[in-house]
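Asker: Take this structure first; my questions come after.
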Amino acid sequence: MSHDCDVLVVGLGPVGAALCALLAREGVTAIAVEKESAVYPLPRAAHFDHEIMRLFQKLGIAGEMQAASQVAPAYEFRNAAGQILMRYDLIAQGSPSGWAPSYMFHQPSLEVALRRLAGESPHVQLRLPRTLRSFDQDPEGVTAIVDGPEGPETVRARWMVACDGAKSPVREALGIGLDDFGFDEPWLVIDALVSDPSRLPAANLQICDPARPTTCLVMSQGRHRWEFMLLPGETPEDLLDEGVIRELLRPWNCDDVVEIERKAVYRFHGRVARRWREGRVLLAGDAAHQTPPFAGQGMCSGLRDVDNLAWKLAAVIRRDADPALLDSYQTEREPQVRSVIQLAITMGRVVCISDPQAAAQRDAGMLAQRAAGGEAPPPAPLRLGPGVLLDGGGEYFPQPWSETGRMDDVLGDGPWLIERASVRGGPLAPFADRLEPWFDSRGVEAVLVRPDRYVFGTGPVEVLKAAWADGVGPL
Ligand SMILES: Cc1cc2nc3c(=O)[nH]c(=O)nc-3n(C[C@H](O)[C@H](O)[C@H](O)COP(=O)(O)OP(=O)(O)OC[C@H]3O[C@@H](n4cnc5c(N)ncnc54)[C@H](O)[C@@H]3O)c2cc1C
């Protein structure tokens, strides 16, 4: 049976749409099916980090996303009395990717941009509204039955990637269970349009008030986010009531400049799917893992998934790499995902204390720690787990920049083989002052950087070339 496309992407949230755009750049054909016609209308992601902005740079939408977002200056945890318990000075932290550490944005604007990008490619067909009803796989591909406006359709693909969200019908159909981190807290989330942002805090705040743990976030220009923890005995309906929301917002003294745009109650939890690949079907994004939002990383993790997966699928489909390459997707990404979920839960456990005595103890401990140590250090950069890596591989490769621009724009897509000796003379000369110290601190002569901008390995050029050809394909 012939194939309609290389990859069937199920779900066009940010992760599915980004996967389509990445596959298109690799010349891989994709059909994406999405059950809804419009992007998800309720409040979700408000933050993405510098690595994600670098991914947007690769996709050609960094300028658009810069215009649609704001750089986050700081992230503060305060107690009920307003004292700072912990503070990340985000701008001072800097980043290795050539972008600001943290951006605040409006998820639907990004989803519209990613869908447009995917839809513009001749390699991608976006089919919506279409609901995946069932699928079957065999050694050569996946056959899916999709319900559309004119009845059922069959789609035959070499591979299928389920980006179908936290409830993932594909994951369910495969009988893949979830490891649960045992964190489960209900919160009301409100997005508001703001006519005078100067009346609201410029930093992102966690108000660790045991009487009502609260989050207050900057979003894209003209928007603000509040999140309120439900207390024991409260129901979602109680908190979604407009009068109750007005009362919750009263302490912020912004009634006359704020208009509620969207509201929802979510249960925040941490979960990881036990298997991310079953034959020719892979899971990505919320289908593979979910995190509480305290570190602003759920969507970021999903976008890292597809940045890891897209070039591997391309190597298997277009360059006949061994499909076993795709097993490294989970072994590399899962340890990173688990660390991020653990960080978010640690933050959540600080915020979600509703017992006044326990909160007082927490405050005393954190105030003493801050008095002794100052600002919270940035989270350590996360290495990949074991996978398509040689010695010296697995770390994130920085993007130097100069007044002439950013390095990735000079080098373009694909893997990069960079020799220390050639940095000064060629197109990388504007970045030499930042690149040479990287080689010198590691004492290496060359590096091979993967398309997802993690280091494949360091060492002699011929060794790197041969190992890449062996595992992935010719350079
Ligand atoms: C309150 C809140 C705050 C958050 N804050 C942040 C943050 O600041 N930063 C961050 O990075 N993340 C954040 N997140 C997480 C982020 O929103 C999610 O991780 C992200 O939306 C997941 O993207 P996805 O594409 O994997 O899944 P989704 O966006 O859920 O998309 C899945 C898609 O699959 C479709 N689908 C499902 N089943 C089928 C089917 N059978 N056939 C066809 N289509 C189907 C759905 O309609 C949907 O469009 C937050 C989440 C919440 C709830």
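Asker: Is there a residue being in a helix (DSSP H, G or I), more than 15 Å from the ligand (Cβ to nearest atom), charged (D, E, K, R) and open to solvent by 70 Å² or more (accessible area, probe 1.4 Å) anywhere in the stretch 133-156? Steps first, answer last, please.
Answerer: Filtering the stretch 133-156 for residues in a helix (DSSP H, G or I) gives none.
The answer is no; no qualifying residue exists.
Asker: Just to be sure before I move on: is residue 120 among the acidic types (Asp, Glu), within 12 Å of the ligand (Cβ to nearest atom) and either surrounded by fewer than 17 Cβ atoms within 10 Å (Cβ to Cβ) or within 18 Å of the chain's Cα centre (by Cα) (or both) in the structure I sent?
Answerer: Answer is no for this residue.
Asker: Which pairs turn up if I take residues in the stretch 426-447 that are on the phi < 0 side of the Ramachandran plot and look for partners that are of a type in the set (D, E, K, R) and part of a loop (DSSP other than H, G, I, E, B) with beta carbon separation below 7 Å, at least 6 apart in sequence or on another chain?
Answerer: Qualifying pairs under 7 Å: 432/424.
Asker: Another one. If residue 87 satisfies all but one of (1) open to solvent by 10 Å² or more (accessible area, probe 1.4 Å); (2) at pLDDT below 95; (3) not in a strand (DSSP E or B), what's the number of the condition it fails?
Answerer: The failed condition is (3).
Asker: Inspect the stretch 28-38 for any residue being at pLDDT 95 or above, open to solvent by 20 Å² or more (accessible area, probe 1.4 Å), within 16 Å of the ligand (Cβ to nearest atom) and touching a helix residue (DSSP H, G or I) at 6+ places or on another chain (Cβ under 9 Å) and give the result as yes or no.
Answerer: yes
Asker: Can I ask one more? Could you say which residue among 41, 73 is within 12 Å of the ligand (Cβ to nearest atom) and in contact (Cβ under 8 Å) with a residue 24 or more places away in the chain?
Answerer: Numbers: 73 fails: within 12 Å of the ligand (Cβ to nearest atom).
Answer to the selection: 41.
Asker: Moving on. Answer yes or no: is there a residue in the stretch 278-289 that is at pLDDT 95 or above, farther than 30 Å from residue 216 by Cβ and surrounded by fewer than 20 Cβ atoms within 10 Å (Cβ to Cβ).
Answerer: Among the residues of the stretch 278-289, at least one is at pLDDT 95 or above, farther than 30 Å from residue 216 by Cβ and surrounded by fewer than 20 Cβ atoms within 10 Å (Cβ to Cβ), which makes the answer yes.
Asker: Exactly one of (1) small (Gly, Ala, Ser); (2) farther than 27 Å from residue 23 by Cα; (3) at pLDDT 95 or above is unmet by residue 422. Its number?
Answerer: Here residue 422 meets the rest and fails (3).
Asker: If you scan the stretch 434-452, which residues turn out to be basic (Lys, Arg) and crowded, with 20+ Cβ neighbours inside 10 Å? So that I can check it myself, show each step before the final result.
Answerer: At the first step, the residues of the stretch 434-452 found to be basic (Lys, Arg) are 434, 442, 450.
Correct list: 450 only.
Asker: Here is a follow-up. Do you know which residues across the stretch 203-239 are among the small types (Gly, Ala, Ser), more than 30 Å from residue 67 (Cβ to Cβ) and without any contact (Cβ under 8 Å) to a residue 40 or more places away in the chain? Walk me through how you get there before you give the answer.
Answerer: Residues of the stretch 203-239 among the small types (Gly, Ala, Ser): 203, 211, 220, 222, 233.
Pick out the ones that are also more than 30 Å from residue 67 (Cβ to Cβ) and you get 211, 233.
Result: 233, single match.
Asker: In addition: Find the residue count for the stretch 119-132, including only residues that are assigned to a loop (DSSP other than H, G, I, E, B) and of a type in the set (A, V, I, L, M, F, W, C). Break it down into steps so the answer makes sense when it comes.
Answerer: As a first pass, look at the stretch 119-132 and keep what is assigned to a loop (DSSP other than H, G, I, E, B): 121-123, 128-130.
Restricting the remaining residues to those that are of a type in the set (A, V, I, L, M, F, W, C) gives 128.
Matching residues across the stretch 119-132 total 1.
Asker: Next question. State all residues of the stretch 306-342 that are within 13 Å of the ligand (Cβ to nearest atom) and over 19 Å from residue 449 (Cβ atoms); if no residue qualifies, say none.
Answerer: Selection gives 337, 340, 341.
Asker: Looking at this structure, is residue 177 away from the ligand (no atom under 16 Å from the Cβ) and at pLDDT 95 or above? Even if it seems obvious, please write down each step before you answer.
Answerer: Numbers: away from the ligand (no atom under 16 Å from the Cβ): yes; at pLDDT 95 or above: yes.
When the stated conditions are applied, residue 177 passes them.
Asker: Here's a follow-up. Within the stretch 265-277, how many residues are more than 10 Å from the ligand (Cβ to nearest atom), part of a strand (DSSP E or B) and open to solvent by 30 Å² or more (accessible area, probe 1.4 Å)?
Answerer: Result for the stretch 265-277: 3.
Asker: Given the conditions (1) over 23 Å from residue 343 (Cβ atoms); (2) surrounded by fewer than 20 Cβ atoms within 10 Å (Cβ to Cβ), report the number of the one that residue 168 does not fulfil.
Answerer: Failing condition for residue 168: (2).
Asker: Still on this structure: Taking only pairs six or more apart or across chains, which ones have beta-carbon atoms under 8 Å, a first residue in the stretch 177-202 that is in contact (Cβ under 8 Å) with a residue 24 or more places away in the chain and in a helix (DSSP H, G or I), and a second residue that is open to solvent by less than 60 Å² (accessible area, probe 1.4 Å) and away from the ligand (no atom under 15 Å from the Cβ)?
Answerer: 197/222; 199/254; 199/257
Asker: Working carefully through the options 262, 250, find the one that is farther than 30 Å from residue 316 by Cβ, open to solvent by 50 Å² or more (accessible area, probe 1.4 Å) and at pLDDT below 95. Don't jump to the end; show me each part of the working.
Answerer: On the way: 262 fails: open to solvent by 50 Å² or more (accessible area, probe 1.4 Å).
Exactly one residue qualifies, and that residue is 250.
Yes or no, residue by residue, for (1) part of a helix (DSSP H, G or I); (2) under 19 Å from residue 19 (Cα atoms); (3) free of Cβ contacts under 8 Å to residues at least 60 places away in the same chain; (4) open to solvent by 10 Å² or more (accessible area, probe 1.4 Å):
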| site | (1), (2), (3), (4) |
| --- | --- |
| 294 | yes, no, no, no |
| 312 | yes, yes, no, no |
| 368 | yes, no, yes, yes |
| 371 | yes, no, yes, yes |
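Asker: Out of curiosity, is residue 222 modelled with pLDDT under 95 and closer than 20 Å to residue 269 by Cα?
Answerer: No; evaluated as a whole, the condition is false for this residue.
Asker: So, in the stretch 72-84, of the ones that are of a type outside the set (Phe, Trp, Tyr) and at pLDDT 95 or above, which residue ends up farthest from residue 14 (Cα to Cα)?
Answerer: 81
The values are calculated or read from the model by the stated rules, or taken from the named source; none is laboratory data. What you see is a predicted model; the values in this text were computed from it and never measured. Reconstructed Cβ throughout: ideal geometry from the backbone, glycine too, with neighbour counts over all protein chains shown. Accessible surface areas use protein heavy atoms only, side chains included; no ligands, DNA or RNA. Shrake-Rupley method; radii C 1.70, N 1.55, O 1.52, S 1.80 Å.
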